[in-house]
Amino acid sequence: MVEEKLEAPDTTPSGAIHLEDLERWDKPPPKEILEKQATVIIECLEEIPCDVCAAVCPFKAVEMPRINDNPKVIFERCPGCAICVQACPGLAIRVVRYKYIGDNSMVILPYELLSLPKVGDIVDLLDRLGRKIGEGKVVSVAPRTKYKTPLVGVSVPRKLALEVRYIRVKKK
Ligand code: SF4
Ligand code: SF4
């Protein structure tokens, strides 16, 4: 049987991918996984010669038989350790801890800009088009190390957990 091959989606003129496209590619974690554990969402749909996420994962949670394949997460194996988030050169991965505190989720994003926010800072939450969709509170910061991208953990309203793609630090 010939397996149907999904084409990379048409993006907006800005190059953004839509959540519906990601759902078509089974990229967002299923609801039952989100309800019980932290895990990743990988927004990488192009066939590029990169397998860093699969190579660094200590839980063998990313399947990629060939280097040009699209990364496929085995969500049951992924506890959201964020090692691949730090390592991905495309900033395409983030961790979602859907059940965080109260009505909030925690999202852990790669953050390459300077200066880094601090724990307790209120930041703007941006969607895939760079539009502000709300505000969140920084709850963790992992600074840059030699080979790793800094990580910022943000508490966000749960309804935005799969929509937050980046943050904007407010000017002081
Ligand atoms: S978050 Fe950790 S366990 Fe999950 S895919 Fe990335 S490296 Fe693997
Ligand atoms: S490391 Fe990042 S850019 Fe490379 S395949 Fe994985 S998700 Fe895509």
Checked against (1) open to solvent by 20 Å² or more (accessible area, probe 1.4 Å); (2) part of a loop (DSSP other than H, G, I, E, B); (3) more than 20 Å from K31 (Cβ to Cβ), V141 satisfies every condition except (2)
Within the set of pairs 6 or more residues apart or between chains, which connect a residue that is closer than 16 Å to C44 by Cβ and β-branched (V, I, T) inside the stretch 70-81 to a residue that is open to solvent by 70 Å² or more (accessible area, probe 1.4 Å) and more than 8 Å from ligand 1 (Cβ to nearest atom) with Cβ atoms less than 7 Å apart?
I74/E63
Is there a residue being under 17 Å from the mean Cα position of the chain (by Cα) and closer than 23 Å to E20 by Cα anywhere in the stretch 133-149?
yes
Do we find that E112 is of a type in the set (D, E, K, R) and closer than 20 Å to V138 by Cα in this structure?
yes
Verdict on V96 being closer than 18 Å to L160 by Cα, more than 16 Å from ligand 2 (Cβ to nearest atom), crowded, with 16+ Cβ neighbours inside 10 Å and of a type in the set (A, V, I, L, M):
no
Assigned to a strand (DSSP E or B), among the aliphatic types (A, V, I, L, M) and near ligand 1 (Cβ under 9 Å from one of its atoms): does that describe V96?
no
Flagged in the stretch 15-61 as among the basic types (K, R) and open to solvent by less than 50 Å² (accessible area, probe 1.4 Å), in numbering order, are K27
When the stretch 53-84 is checked residue by residue, the ones that are near ligand 2 (Cβ under 9 Å from one of its atoms) and either hydrophobic (A, V, I, L, M, F, W, C) or part of a helix (DSSP H, G or I) (or both) are C53, A54, A55, V56, V62, M64, I67, C84
Report, ordered by the first and then the second residue, all pairs with beta carbons closer than 9 Å, sequence separation of six or more or different chains, a first member in the stretch 44-66 that is in contact (Cβ under 8 Å) with a residue 40 or more places away in the chain and more than 15 Å from P89 (Cβ to Cβ), and a second member that is among the aromatic types (F, W, Y) and more than 7 Å from ligand 2 (Cβ to nearest atom).
none
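The values are calculated or read from the model by the stated rules, or taken from the named source; none is laboratory data. Note that the coordinates shown come from a computational prediction; the quantities given were computed from them, not determined experimentally. Positions of Cβ are generated from backbone atoms using ideal geometry, with glycine treated the same way; all protein chains shown enter the neighbour counts. Just the protein is used for accessible areas: all its heavy atoms, side chains included, with ligands, DNA and RNA removed. Shrake-Rupley method; radii C 1.70, N 1.55, O 1.52, S 1.80 Å.
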